[in-house]
Every structure is written in C-alpha cells, then in structure tokens.
Amino acid sequence: SLDCYGLETERSLNYMNEAKKHLPGGVAANIKHFEPYPIVMKEGRGAWLKDVDNHWYVDYLMGYGALALGHAHPKIRHAVADQIFCDGTCLFGTPHQLEVEFAKAIKKHYPSIQKLRYTNSGTEATQLAIRLAQVFTGKNKVAKCEGHYHGGYKEMLYSINPSLDEAGEIDLPLPVPESADVKVDGNEPYILPFNHIEGIEHLIMTHHSDLAAVIIEPIQAGYIMADQTYIDRLRQLTLTYGIVLIFDEVKTGFRSALGGAQEKYEIEPDLTTLGKVIGGGFPIGLVGGKKDILDVSSPSRGADVFEAGEKGQGSAKDILFHSGTYNGHPTILAAGLATINEMEQAYAKVLDITTSLREGIETLAKNIGLPVTTYGAGSIFNVIWKKDCKLKHYRDLQKTNTKMRKELDFALLQAGVYTKPLNRYSLSAAHGKEEVDFTLQAYEKAFHQLKGG
Ligand code: PMP
C-alpha cells in the first residue's frame, strides 16, 4: 500500500515511532527531522542511498555536503583500513606524522593558511576561530551575517532563519534568537546585512572599537554568492579597523573551488574554518590562518614571545587554552587526506556533472513552463521556485515559493531522488551521467505532476 510519500515507507515510519521513545524527536540532530517523518536509510554506495524499505535513491544530500567522493569510496575505505590495521586504530595521544602531512595538503590549496589547529567539527572550528580573534585583538564582540550558519552554540544562534516581521530593516538587521536558551541581552553578536555595503560600513564603523571578528559564509549556505564588491569592502574595512576576518568555509571548502570561496574571490581572510569534505565523511574541523593569530594558542608561546630567563614560559592567562582528546585523529586524517588527493583529480569532473544537471533542470522547467531556477557555486546548488529571482541574501530566499519546492522534493523522492526537503544539492565524484539522466527523468515526471496539480 502506498503511503503519504507515494511509496511504501512503512519501515521508516515504524522505526521513527520506536526512535521517539529513545531519542528526543526520534533524531540525533534537530536538522534530521522533517514532517511527516524522515526516511530512514541503511546503506550508501557511490551516489546512491538505500532506505530501510529497500528503495534506492540518487543522493544529493551527501552527508550535508561532507561526502565529496560519494558513499563508501574505495580509496577512503582503504586509507581507513590501512590506518587501523597497519598503524593502530586511533589514539596515540601524541603528535603524529599525519598531522603535518595533512596540514601541508590543506596549505597547498589555501595559501591564506600559515598554521592550523584541528577540531572535531565545524562547530568547534568556528568557536575556536572566534576565541582566537578575541585573544589576538583584545576585543570581545563578534559580528555575523543575517541568514548565515556557523554551528549550534549560543554565541552564534542568532538570525539564521528569522521571520521577516521580527528581523528589522534590511540594512540594520535585528538579532533574533534561534534557540530556547538564547536571549537578546547585550551579549549577542552584531548582525550584518549580507551583500549590503552601506549596512556593513555603518555597523563596522560604529562598533569597530569593541569588534574582535567578523565571521561570514562568503557564499551563503554554499549557493548564494557574495558580490565581489561587498567582499572586497569587507576585507578593506576589517583591515582598516584591526578586526579579524573569518571565512567560514566549512560548507564551501573543496566545493566552491578546491581552494574554497577565497580562491574564487581572490581574498585572503585572516582565519578560515574548514570541516565536512576534509574528513572524508568522518567528524573533523580545523581553523587555519595567520600564524600570529594561531600562535596565541601555542603552549610554547612563552618561550617564543618572552625573553628567555625574563619571564620563561607564558602563564595560563597568556595562552588560549584549546584541547581535545580526538583532535587530529589519525584515522580521520587518513580518510581526509585520501579525499583531498582524490579530489585533485576528480574536481573538474564533479563541476561538469553539476553543470549538466543544473542546465538539465533549468531546460526542463523552461520547456514545461514552471518558474524554477538553480543557484549555486562549484559542486553545490539549490533549486529555487521563483521566476527571474535575483537571490542576494536571506531575505530574498524568504520570498521564494517554499511550499512548491517542498512538493517538488516529495515528488522527486517518489521517483527515486533524495534531497532533504528544501535542502541544497551537493554533488560528488560518484555522480555521473547515469545519475544525471535518472534525475532528469525524475524531474520531468515531477514537473508534469506539479504542473497538472
Ligand atoms: N559552518 C557552516 C558554514 C556549516 O555549513 C556548518 C554545518 N552545516 C557548520 C559551520 C557546523 O559544522 P558541524 O556540523 O561539523 O559542526
């Protein structure tokens, strides 16, 4: 019997009912939830995912963009197996050689990175970047852009997806809490308007004396580009006023270009955060950038900075404390290194495949007469239900037809294409012509269905 998805997803439904007894909302992360119930997956191969009711789907979620090579890539499986069987499972608890080999692979593609620190997630990376900026500048406040996501912690859970009636003027957005534990009490970040030059000039010039850092997704959610003039002006202003510019490239790293958005814009931020792709599907994050900034966390800083004999090692209050049992985990660095090496060969092909899929979707929409277009950069794009729209920032996105987009997502699911509702598409080296043809057939069917309905 077919259910609300037009498929048999009874085992997903049963699993979710059971899961709700054990996990809040039945999920391990809020983002995994959607109505009426999430489809539960059990296997991934290349570009394909199989659910617990044994349907296969072409996967465009790709672990929220983390899987640049697709599911179960042989090079990653071998790298992980070699690490585990030959050198040891994980924790030497000491420095080890992959930490530097990996750092060199990152620095090759990110010339703005002189030194780096590993973390266990993108969230931890942006958190550390902000702390580094605060210690380095001796200032305390942070500014972030409306609509931008930097991880799930209190300082950053503002104005990610606010309703427009709460969000204030376009050039002077108000901080809007995104979580029950977050308040507007004076400790919140300043909220910058994305792609609005006068707005950032005003906010930065007004607040520069207590502003330690500006953190930004240079390409919002991986698919809404900053204007070159905006990003250039932001770089100028932050340099002028001694504010640390942090590019959060957790999403865009090795996707917008191998060298991330900063390669596309030819801009050197002071700090960069990376995550997702660089872990090959395993949890990782890192902060890299100017060595003077990274070195505020150096435990040998005392010896570097102070005259020997005069002050000796720096005391705890001089050094930024950063630690973590799993930082620089060897198995994960092995998986990440295999991914980076493979992407150097595969990236051009991923771009070609992404372009052919985007063009295919746009051509179908045009021929069938639906107001659908795609927005994106590199191997990420999103499908927008609105004709001739110029997506410049979060507020434009609010004016698109998300109801129809969701119906499209469900119609595609029924035809064997998986995206989480409203989520953007991330491609991988495992997506090829077969997957694109399959997806476009699903689109043709879905578009006709929605046009008629
Ligand atoms: N920054 C950006 C731009 C992200 O897209 C994400 C994750 N979606 C994060 C930070 C947080 O990374 P993680 O989920 O690994 O903590």
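The values are calculated or read from the model by the stated rules, or taken from the named source; none is laboratory data. What you see is a predicted model; the values in this text were computed from it and never measured. Every residue, glycine among them, receives a Cβ derived from its backbone with ideal geometry; neighbour counts consider all protein chains shown.
Checking each residue of the stretch 277-291 against the condition of being surrounded by fewer than 24 Cβ atoms within 10 Å (Cβ to Cβ), farther than 18 Å from Gly378 by Cβ and more than 16 Å from the ligand (Cβ to nearest atom) gives at least one match. Answer with yes or no whether Ala143 is touching a Leu at 6+ places or on another chain (Cβ under 6 Å), among the small types (Gly, Ala, Ser) and under 19 Å from Val277 (Cβ atoms). Considered against the rule, which asks whether it is touching a Leu at 6+ places or on another chain (Cβ under 6 Å), among the small types (Gly, Ala, Ser) and under 19 Å from Val277 (Cβ atoms), Ala143 comes out as no. Assuming Ala68 fulfils every condition listed in (1) of a type in the set (A, V, I, L, M, F, W, C); (2) assigned by TED's automatic domain parsing to the domain that holds Tyr425; (3) at pLDDT below 95 apart from one, which condition is it? Among (1) of a type in the set (A, V, I, L, M, F, W, C); (2) assigned by TED's automatic domain parsing to the domain that holds Tyr425; (3) at pLDDT below 95, Ala68 violates only (3). Under 8 Å by Cβ, and 6 or more places apart or on different chains, what pairs join a residue from the stretch 141-154 that is in the same structural domain as Ile170 (by TED's automatic domain parsing) with one that is among the hydrophobic types (A, V, I, L, M, F, W, C) and modelled with pLDDT under 95? Hits for this filter: Gly147/Leu397.
Residue selection: Glu43 satisfies the criterion of being in the same structural domain as Arg424 (by TED's automatic domain parsing), within 30 Å of Tyr443 (Cβ to Cβ) and of a type in the set (Asp, Glu). Restrict the check to the stretch 360-369 and report whether at least one residue is within 24 Å of His109 (Cα to Cα), without any contact (Cβ under 8 Å) to a residue 60 or more places away in the chain and surrounded by fewer than 22 Cβ atoms within 10 Å (Cβ to Cβ). The answer is no; no qualifying residue exists. Annotation: Tyr57 fulfils all but one of (1) free of Cβ contacts under 8 Å to residues at least 24 places away in the same chain; (2) surrounded by 19 or more Cβ atoms within 10 Å (Cβ to Cβ); the unmet one is (1).
Among the residues making up the stretch 112-144, those that are buried (at least 24 other Cβ atoms within 10 Å of the Cβ), within 11 Å of the ligand (Cβ to nearest atom) and either in a helix (DSSP H, G or I) or not charged (D, E, K, R) (or both) are Thr119, Gly122, Glu124, Ala125, Thr126, Ala129.
Looking across the stretch 157-203, the residues that are under 18 Å from Asp227 (Cα atoms), assigned to a loop (DSSP other than H, G, I, E, B) and not β-branched (Val, Ile, Thr) come down to Asp171, Pro193, Phe194, Asn195, His196.
Being in contact with a helix residue (DSSP H, G or I) (Cβ under 6 Å, 6 or more places away or on another chain) and closer than 24 Å to Tyr326 by Cα: is that true of Ala47 here? So Ala47 does not fit the description; no. Taking the criterion of being on the phi > 0 side of the Ramachandran plot and either within 10 Å of the ligand (Cβ to nearest atom) or in a loop (DSSP other than H, G, I, E, B) (or both), the residues of the stretch 204-261 that qualify are Ala221, Gly222, Gly242, Phe254.
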